[in-house]
Amino acid sequence: MKKKVLSAILTFTMVVTALAGCGNTAANTAPAGDQAAPEADAPADTAADSAAPAAELTGIDAIIAEAETMTMEELAAKAIEESNGKTFYGVGNSSRGKSALPLFIEYLQSIDSSYSMEFEWQQPKNNKIFEQLTSDSLKSEGTFAMTLIQDGNQIQSKMVDTDILKTFIPKEWAEANNTSADSYEGFLPLQTLNKVFMYNSTGSATYNNCWDFVYDGAHPLFMGVDSEIVGKNFLMMLTEDKYATWLKEAYDKLDDTKKAYFEPTIKAMQADANDLGLGANGAYALAWIKLWVNSYNEQTDDGPICNTLVDASAKDQAGLLVYSKLRSVEESATVSVNNIKVAAYEDGYTGIGGYGYCHYLFLTKNSPLPWTSCAFIAFMTCTEQGFEAWGKDMGGYSSNPKVAEEIEATFHHSQGGGDEFPAKNDRGYDWWTTNGELVLEDPVYCSEVSFSVGSWIDVLDHYAPGE
């Protein structure tokens, strides 16, 4: 039955691919300084505009092109002129935009004490942000001025390819990343967040390899791929050649008993890997994904996962969750950060330590306050004060290396737990993306394999406790 479903998926994918071949697309990934920022495809009907001289652009595109040549102070002057006495509406996956806006207003008031601006920040639930932005895009002038949004796959396919959202690259951000607005082709990330493998260490179980999390009897706690789509993006990214190779290399370091357990599944996945057009190690990725979906214990949020793992009663339990959740653990006789270990921090751990995904910043195509939006985006990405709402906590890394350095100098996340709580000593973005083997979301790759690999994931059996 599964084979029939897969065959239907692949047939549909071939049709979609053939139709897509009629257009012009490009899919590469470009580095952004110390952080790798995914590259966004330009939709066919806007590719010419994006390459056109600023003088030939109109509307929001012309404003963005001019804004990308301006300093923070110059943008602030434009924002004061545009939005003094008005109301700014923003929408985002992070509620902290509501904390950053008053600081932005204070910054503008430091330039012009008579400046005032009201604001409203919305945080839609259940992935409704895409519906809200799509609906708002149909107006001649939208309600929302800008957005802070996650899920690179849907951003690429629903927001960027459809020209609903517009990328603005601040001049200072580009300079800090040793690039320019003209040469940079990706989305603008505010930050990268990491979800990492952790396990309760009060029992006897050990997790020395990323394959241990899908070994016989393991049921890690995880937000389901249907409740938080970035989790599905993580699984799709595992099939990219780089990460599939990481899984193969981790498998090679297992003992013979564990290899014998995983080998039948890997062999069984080879045909699917071929059908899906994956690389040489694609079967290892599909095997890990299948075993993960078949075994993880689905939870509604990372907060409860963290609360479970740090309790002494959760002996040997494991999970994949946002690293920053450790910041809010309240120590007691039975609950402690010291009851867990971050797998990648342990000596001898092998393989993937977790995954990283971004919060991206965009203007809407019909923004009612485009200059103010550009200034606010520059404020968040180019100043410590602007990023502080996110940077005050561990596990969220500014895409601006200068701001990241300033945040660390202020909050000392690398020593956040000291000797007492070593799991809270955040080793930082550079460590996680080198030593920690963090899988990074690439919107272009995710959107390319969404119909093939994504549909394959959709038909996998899920673990149900008690069955």
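Table for the structure above
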{"item": "Residues (farther than 16 Å from ASN93 by Cβ and open to solvent by 10 Å² or more (accessible area, probe 1.4 Å)) located in segment 191-208", "result": "TYR199, SER201, THR202, GLY203, SER204, ALA205, THR206, TYR207, ASN208"}
{"item": "Residue, nearest to SER414 (Cα to Cα), within segment 312-344, restricted to residues that are charged (D, E, K, R), in contact (Cβ under 8 Å) with a residue 40 or more places away in the chain and surrounded by fewer than 19 Cβ atoms within 10 Å (Cβ to Cβ)", "result": "ARG327"}
{"item": "Number of the condition not met by GLY282 [criteria: (1) more than 26 Å from GLN191 (Cβ to Cβ); (2) over 23 Å from the mean Cα position of the chain (by Cα); (3) not hydrophobic (A, V, I, L, M, F, W, C)]", "result": "(2)"}
{"item": "Residue match in segment 365-377 (condition: open to solvent by 10 Å² or more (accessible area, probe 1.4 Å), over 17 Å from ALA100 (Cα atoms), in contact with a Lys or Arg (Cβ under 9 Å, 6 or more places away or on another chain) and of a type in the set (Gly, Ala, Ser))", "result": "yes"}
{"item": "Of all residues in segment 94-118 being buried (at least 19 other Cβ atoms within 10 Å of the Cβ), not charged (D, E, K, R) and not in a helix (DSSP H, G or I), the one that is farthest from the chain's Cα centre (by Cα)", "result": "TYR115"}
{"item": "Test result for ASP182, outside any strand (DSSP E or B) and farther than 26 Å from SER398 by Cβ", "result": "no"}
{"item": "Some residue of segment 214-231 being part of a loop (DSSP other than H, G, I, E, B), of a type in the set (Val, Ile, Thr) and modelled with pLDDT of 95 or more", "result": "no"}
{"item": "Residue count, segment 119-138 (criterion: on the phi > 0 side of the Ramachandran plot and open to solvent by less than 60 Å² (accessible area, probe 1.4 Å))", "result": "0"}
{"item": "Condition broken by GLY396, with the remaining ones in (1) crowded, with 22+ Cβ neighbours inside 10 Å; (2) over 22 Å from the mean Cα position of the chain (by Cα) satisfied", "result": "(2)"}
{"item": "Subset of segment 65-81 [within 17 Å of LYS365 (Cα to Cα) and either assigned to a helix (DSSP H, G or I) or of a type in the set (A, V, I, L, M) (or both)]", "result": "ALA65, GLU66, ALA67"}
{"item": "Of all residues making up segment 186-213, the number that are touching a helix residue (DSSP H, G or I) at 6+ places or on another chain (Cβ under 8 Å), within 26 Å of MET380 (Cα to Cα) and not in a loop (DSSP other than H, G, I, E, B)", "result": "8"}
{"item": "Failed item in (1) surrounded by fewer than 23 Cβ atoms within 10 Å (Cβ to Cβ); (2) within 22 Å of the chain's Cα centre (by Cα); (3) of a type in the set (A, V, I, L, M, F, W, C), with ALA268 passing the rest", "result": "(2)"}
{"item": "Every residue from segment 298-311 that is assigned to a loop (DSSP other than H, G, I, E, B), closer than 22 Å to MET394 by Cβ and open to solvent by 10 Å² or more (accessible area, probe 1.4 Å)", "result": "ASP301"}
{"item": "Condition met for PHE421 (open to solvent by 70 Å² or more (accessible area, probe 1.4 Å) and touching a residue at least 60 places away in the same chain (Cβ under 8 Å))", "result": "no"}
{"item": "Meets criteria (in contact with a Pro (Cβ under 6 Å, 6 or more places away or on another chain) and surrounded by 21 or more Cβ atoms within 10 Å (Cβ to Cβ)) for GLN156", "result": "yes"}
{"item": "Filter result (free of Cβ contacts under 8 Å to residues at least 60 places away in the same chain and charged (D, E, K, R)) within segment 63-93", "result": "GLU66, GLU73, GLU74"}
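For every residue, the table says whether it meets (1) assigned to a helix (DSSP H, G or I); (2) crowded, with 23+ Cβ neighbours inside 10 Å.
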site: VAL403; (1), (2): yes, yes
site: THR410; (1), (2): yes, no
site: GLY417; (1), (2): no, no
site: ASP426; (1), (2): no, yes
site: ASP430; (1), (2): yes, no
site: CYS446; (1), (2): yes, yes
site: GLY454; (1), (2): yes, no
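The values are calculated or read from the model by the stated rules, or taken from the named source; none is laboratory data. Here the structure is a predicted model, which is why all the values come from computation and not from measurement. We place every Cβ from the backbone using ideal geometry, glycine too, and count neighbours over all the protein chains shown. Remember, those area values only see protein heavy atoms, side chains included, never the ligands or the DNA or RNA. Shrake-Rupley method; radii C 1.70, N 1.55, O 1.52, S 1.80 Å.
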